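The values are calculated or read from the model by the stated rules, or taken from the named source; none is laboratory data. Since we're looking at a predicted model, the values are computed, not measured. Here Cβ is always computed from backbone atoms with ideal geometry, including for glycine, and neighbour counts include all displayed protein chains. With ligands, DNA and RNA removed, areas are computed over all heavy atoms of the protein, side chains included. Shrake-Rupley method; radii C 1.70, N 1.55, O 1.52, S 1.80 Å.
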Amino acid sequence: MPMYPLRYKPTVNVEQTPSLNKQGLSASSLIRFREGLVESLLGWMATCAEVLIGVARAIHFWTDLGGISRFAIGTNSHLYLFPSASAPTAPLIDITPTIAYTPGAPSSGNSPYSLQIWSLDNFGEDLISVPSGQGLFIWKPAQGNTPSTLINSLAVLTGGEISPSVTLWVGITDGGFSVAIAGVVKNITGLNFSAVASQADIVAVINTGLGAAGTASGVVASDGNWQFVLTITSPNATLSYANGPTGAGVTDISTMLAWTTTTAELLAPGGPPPAKNQGQIVLDQIQIIFAYGCTPVGDGAQDAMLTRWCAQSDYQDWVASTTNQAGSYRIPHGSRLVSALQVPGMALLWSDVGVWAIQYIGFPLVFSFQNVGQNCGLISQKAAAVLGQIVYWMSDHGFFIMAGGGPQQMPCPIWDIVFKNLDEANRDKCIAGTDYHYSEVWWFYPSKNGNTGEIDSYVKVNIETNSWDYGPATPNANPALPGTPNQFSRTAWTDQNQPGSPVSVDLGGMLQQMDQGFTANGEPIVGGLIQTGYTDIADGAEIMSVDQLIPDFLWDGPNPELEMSLLFRTFPSDAPTIMGPFTITPATEYVTLRIPRTIAMPDGTSFTAYPAVRGREVAVEVETISGFWRWGNNRLRATPAGRLP
């Protein structure tokens, strides 16, 4: 009997009817396309056993000058670090700012764009972060496990020279002094110098007393004496010292510090950064922080269309002058700026309606702004990604790329699945991600069908073959616990993990590394499937009698297994004859496709016959049970059964 191969195009198409979508896939979940063939998705494994507090909306990877690589993860209420080389049992490092930071709600509900999303980037080895609607924060590797601090202008109070001898200090067990920070006097008391043996010890005692108020340092002058310097980060950049005494019984050490100035000088004469920002990126090559959705110079109401940037290599100087490259520009079209992204050769800035190309041109204008596309705005702050030299993003009505001439909308054969089912009230939660290992771009989004207000679905495209697939709100990992997050909801994603596959954060607050093993962090992967369109078994003119399936798959993993069903029909309006599901393993040679039928004889006796299944066209359903599989040369054995049903 002739053999008929079951071969399918590497893409899912829901825009065509199942009969029109011949040799194509009509439904999918947790699969990918590789080498033109469909295969099951690999598993994932938690990289950190500790659970994040809050819902993660951003993750960033970078390496400091000491060679230590870290992930920074921002949730609606916390900012965390996790060294990438750490064992999964290592704890998260909480660097959430303790001053000038307000946590946000885990969801924006019916108020789109009010969600707190962190913008995370690195300025050299330092982490720059902006929780949307708030100020700019910085964390330096030298800080260790201490919180991020607000970037502001620095005030410095310089001391006079005193003798390097410590004999003047060791007798002081309750020293103190006063400083006025932004007009508010702060008393520093309880400084015990009895155990000091060096100038460094003196500085350490003073720093202990200062706490979060500032930093003390000491330098040796050219004549061998010592100069004391006090540095304070102040919102208004004003600092002065007040004469003691600082309290009853307290030894006033202000004269021993011998300050020569009573008012601090600004290290950043241009002024502090914006008090409120929607987000920021760091332009690496020119060492400029570029913020958007900012408060103007001199403070005031936040302007959703205003961009501002700092002076080159100076993240504390944000006001333009003839001696720096700080500046600002207001985008004239749109109602709000959504996000910015550094891409090869330039930066892109999206509003809700369009996209702007930003290029560095140097002093005096610093940047050029060119509107390169309209009606192609960004749906959310994290919905754009770069793969190679091409930018991909999701708007509220389609997917776009920026390659060469300008924005181009991507033909999408699963458009209906995404945009007819998008939970628009929570569209600001959509995120994009890439997987360089498989040339894939992912988008995760909340769906109406999921009805959770959170991310529960995804869509992705393989850019080499333009192969699209999707995954709906998958079943719970534990069906006994209804309402728990589905296995593959992801709220933050990064592919910048060297070496290694992408790292993402799930709705349960776990850091998960993709393409690891064959399970969902040790649990069976639930919901992996494909469903094909209906393919003519021969040429579609005749009804075929099919009696055997010869499966062919590439397998991997322990005890790989899948279930396979075949759906036969003669006309598109027919209810299909379903054969299966059949358990398929590497040991399965063939599957018999015969239907038991009882035949009644005229004499009242009967017997059971096993005729082959009949149909003009066939569709296939495959569900992953365990392990890994890739589609091969699956075949049906069939013979013509005539033209009539």
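A few remarks follow.
- Segment Gln548..Thr322, full-extension length gain: 73.2 nm, with 0.36 nm per residue of separation and the alpha-carbon distance subtracted.
- Taking 0.36 nm per residue of separation and subtracting the Cα-Cα distance, full extension of the segment from Gln516 to Ser313 would add 69.1 nm.
- Approximating the spin labels as points 7 Å out from Cα along Cα→Cβ, the Asp64-to-Asp201 distance works out to 2.8 nm.
- The chain, accessible surface, carbon-and-sulfur percent (1.4 angstrom probe): 53 percent
- Cβ-Cβ FRET estimate between Ala600 and Ala49, R0 fixed at 60 Å, reported to 0.05: 0.35
- Taking 31 Å as the limit for the C-alpha separation, the pairs Lys22/Lys448; Lys22/Lys429; Lys22/Lys382; Lys140/Lys448; Lys382/Lys420; Lys22/Lys460 exceed it in the case of Lys22/Lys429; Lys22/Lys382; Lys140/Lys448.
- Only Lys, Arg (+1) and Asp, Glu (-1) charged, at Cβ; region 541-645 dipole about Cα centre in debye: 380 debye
- Computed accessible area, Tyr315, all protein chains, 1.4 angstrom probe, square angstrom: 40 Å²
- Taking amide H as placed 1.01 Å from N in the peptide plane, Gln134 has its amide H under 5 Å from the amide H of Asn277, each at least 5 places away in sequence or on another chain.
- Here each label is just a point 7 Å from Cα along the line to Cβ, and for Thr577 and Thr102 those points are 6.8 nm apart.
- For the chain, the solvent-accessible area with a 1.4 angstrom probe is 41 square angstrom per residue.
- Amide hydrogen proximity for Ile625: with H placed 1.01 Å from N in the peptide plane, the residues at 5 or more positions away or on another chain lying under 5 Å are Glu561, Leu562, Glu563.
- Stretching Phe363 away from Arg7 to a fully extended chain increases their span by 122.2 nm, per 0.36 nm per residue minus the current alpha-carbon distance.
- Dipole magnitude of the chain, debye to nearest 20 (Cβ charges: Lys/Arg +1, Asp/Glu -1, about Cα centre): 1060 debye
- Net charge of the neighbourhood of Glu440, taken over other residues with C-beta under 11 Å away and scored Lys/Arg +1, Asp/Glu -1, is -2.
- Between the listed residues Val205, Gly171, Trp139, the Cα displaced farthest toward the positive end of the dipole of the chain, a dipole computed from Cβ unit charges relative to the Cα centre, is found at Trp139.
- Rounded to 0.05, the FRET efficiency of the Ser335 and Ile286 pair, given R0 = 30 Å and the Cβ-Cβ distance, is 0.55.
- Share of pairwise Cα-Cα distances greater than 41 Å in the chain is 42 percent (whole percent).
- Gln370-Glu523 FRET efficiency (beta carbon distance; Förster radius 60 Å; 0.05 resolution): 0.75
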